[in-house]
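Novice: Take a look at the following structure, please.
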Amino acid sequence: MPPGSPASDTFASKRRQALQDGPATDAFTPDSSVVSEVIPSANFGDRNNDRVPDMIVLHYTGMPDADGAITKLCTAGTEVSAHYIVLEDGGIVQSVPEAKRAWHAGVSSWAGEDDINSCSIGIEIINPGHDWGYPDFPSRQIAAVITLCRGIMLRRNIPAHRVLGHSDVAPARKKDPGEKFPWHSLANSGVGHWVQPAPITRSESLKLGSIGDAVRDLQKALAKYGYAVPVNAKFDGPTMEVVTAFQRHFRPERVDGIADHSTLLTLGALLSTLPAETAK
């Protein structure tokens, strides 16, 4: 973006504020050539056990405006951060070097790992989220997310099925980036795992209170894909939360936590298209 533009002035102001409010990291060279500005965050640490990131987790900021989100993610004491922040106009801010552990995922789990911050790169997408009207994501913003993710995936050899949403790794707590996020558009550009969702039809469904082998098979399939779900043959609250998160990502036309025929077929198709070394 051109120096002296309103966006550039905002970045400079927020950077100064972040540096003044606490001991942030020194300015650093961005990891990606598509970064518009570096605004160092004070909130980061070392990756545990020298873990190399092999996952990308996408979030929305869930705050009314971009300035407030940038300030929160970069100011000491808030205990939250992300490696990257993608603005509505497609501008990209980097706040934490990729080699460091940003604090974006919180209590979360995927494929048996529960320190998602150590194994992932976190990308916050400016959007007010469900509590503030949840507008559509602008096309320029999505194009920037795709470009950023493609570069990270190439540099870090991250497979498509390891590009996930915050709600995937924390289904009991989070909804972001939500059912309006165009995962299909990302997948068309090689970012993320996707199949065309099976059509929604009238069918028998598994829902809260269901019990039996069919529920156990559903839980096993969700766990095989990566979700942290109990395998107890009971369609309980945690199972419903995971089914809801699955639908937000992979069957967004109807997000109700009920495992209907469309949900089950879509899950089966995803499992059948995982890389052979993953689908064990």
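The values are calculated or read from the model by the stated rules, or taken from the named source; none is laboratory data. Note that the structure is predicted; figures quoted are calculated from it, not measured. With ideal geometry, Cβ positions are generated from the backbone for all residues, glycine too; neighbour counts draw on all protein chains shown. Heads up: the accessible areas ignore ligands, DNA and RNA and are worked out on the full protein's heavy atoms, side chains in. Shrake-Rupley method; radii C 1.70, N 1.55, O 1.52, S 1.80 Å.
Novice: Name the pairs: first residue in the range 48-71 and over 25 Å from residue 150 (Cα atoms) and open to solvent by less than 10 Å² (accessible area, probe 1.4 Å), second residue modelled with pLDDT of 95 or more and not charged (D, E, K, R), Cβ to Cβ under 9 Å, at least 6 apart or on different chains?
Specialist: none
Novice: Additional query: Inside the range 173-201, can you point out the residues that are of a type in the set (A, V, I, L, M) and within 17 Å of residue 163 (Cα to Cα)? It would help to see each step written out before you state the result.
Specialist: Taking the range 173-201 as the starting set, the residues that turn out to be of a type in the set (A, V, I, L, M) are 186-187, 191, 195, 198, 200.
Passing the criteria: 186, 187, 191, 195.
Novice: Turning to a different aspect of this structure: List, please: which pairs have Cβ atoms under 6 Å, are six or more places apart or on different chains, and start with a residue in the range 199-224 that is touching a residue at least 12 places away in the same chain (Cβ under 8 Å) and more than 23 Å from residue 114 (Cα to Cα) and end with one that is assigned to a loop (DSSP other than H, G, I, E, B) and open to solvent by 100 Å² or more (accessible area, probe 1.4 Å)?
Specialist: Correct list of pairs: 200/254.
Novice: Could you look through the range 153-167, keep only residues that are in a helix (DSSP H, G or I) and in contact with a strand residue (DSSP E or B) (Cβ under 6 Å, 6 or more places away or on another chain), and pick out the one that is surrounded by the fewest Cβ atoms within 10 Å (Cβ to Cβ)? Spell out how you get there, then give the answer.
Specialist: Our first condition is that a residue be in a helix (DSSP H, G or I); within the range 153-167, this holds for 153-156, 160-162, 166-167.
Now restrict to residues that are in contact with a strand residue (DSSP E or B) (Cβ under 6 Å, 6 or more places away or on another chain): 162, 166.
Details: 162: 22, 166: 27.
Top of the filtered list is 162.
Novice: I'd like to verify a number: residues in the range 261-280 that are in contact (Cβ under 8 Å) with a residue 12 or more places away in the chain, among the aliphatic types (A, V, I, L, M), out of contact with any helix residue (DSSP H, G or I) (no Cβ under 8 Å at 6 or more places or on another chain) and surrounded by fewer than 17 Cβ atoms within 10 Å (Cβ to Cβ), how many?
Specialist: Residues that pass the stated criteria total 1.
Novice: Next question. Go through the range 183-214 and give me each residue that's open to solvent by less than 50 Å² (accessible area, probe 1.4 Å), outside any strand (DSSP E or B) and of a type outside the set (S, T, N, Q).
Specialist: Within the range 183-214, 183, 186, 187, 190, 191, 192, 193, 195, 197, 198, 200, 212 meet the criteria.
Novice: Scanning the range 84-107 for residues that are open to solvent by less than 10 Å² (accessible area, probe 1.4 Å) and either small (Gly, Ala, Ser) or in a loop (DSSP other than H, G, I, E, B) (or both), which turns out nearest to residue 71 (Cα to Cα)? Outline the logic, then answer.
Specialist: Start the filter on the range 84-107 by keeping residues that are open to solvent by less than 10 Å² (accessible area, probe 1.4 Å), which leaves 84-86, 91-96, 98, 102, 105.
Those still in the list that are either small (Gly, Ala, Ser) or in a loop (DSSP other than H, G, I, E, B) (or both) too: 91, 95-96, 98, 102, 105.
Values: 91: 16, 95: 11, 96: 14, 98: 20, 102: 15, 105: 18 Å.
Across the range 84-107, the extreme among qualifying residues is 95.
Novice: Report the residue count in the range 215-255 for those that are farther than 22 Å from residue 198 by Cα and surrounded by fewer than 23 Cβ atoms within 10 Å (Cβ to Cβ).
Specialist: Step one: of the range 215-255, the residues farther than 22 Å from residue 198 by Cα are 228-234, 236-238.
Still in the list and also surrounded by fewer than 23 Cβ atoms within 10 Å (Cβ to Cβ): 228, 230-234, 236-238.
Matching residues across the range 215-255 total 9.
Novice: Of the residues that make up the range 95-102, is at least one closer than 17 Å to residue 36 by Cβ, in contact with a helix residue (DSSP H, G or I) (Cβ under 7 Å, 6 or more places away or on another chain) and at pLDDT 95 or above? Reasoning before the result, please.
Specialist: First pass over the range 95-102, keeping only residues closer than 17 Å to residue 36 by Cβ: 95-98.
From the residues that got through so far, the ones that are in contact with a helix residue (DSSP H, G or I) (Cβ under 7 Å, 6 or more places away or on another chain) too are 95.
Filter once more, keeping what is at pLDDT 95 or above: 95.
Scanning the range 95-102 turns up at least one residue that is closer than 17 Å to residue 36 by Cβ, in contact with a helix residue (DSSP H, G or I) (Cβ under 7 Å, 6 or more places away or on another chain) and at pLDDT 95 or above.
Novice: OK, next. Anything in the range 53-83 that is assigned to a loop (DSSP other than H, G, I, E, B) and either of a type in the set (Asp, Glu) or touching a Cys at 6+ places or on another chain (Cβ under 8 Å) (or both)? List them, or say none. Before the answer, list the steps.
Specialist: Quick first cut of the range 53-83, residues assigned to a loop (DSSP other than H, G, I, E, B) only: 53-54, 61-65, 75-83.
Once the filter is applied, which keeps residues that are assigned to a loop (DSSP other than H, G, I, E, B) and either of a type in the set (Asp, Glu) or touching a Cys at 6+ places or on another chain (Cβ under 8 Å) (or both), the range 53-83 yields 53, 54, 65, 79, 81.
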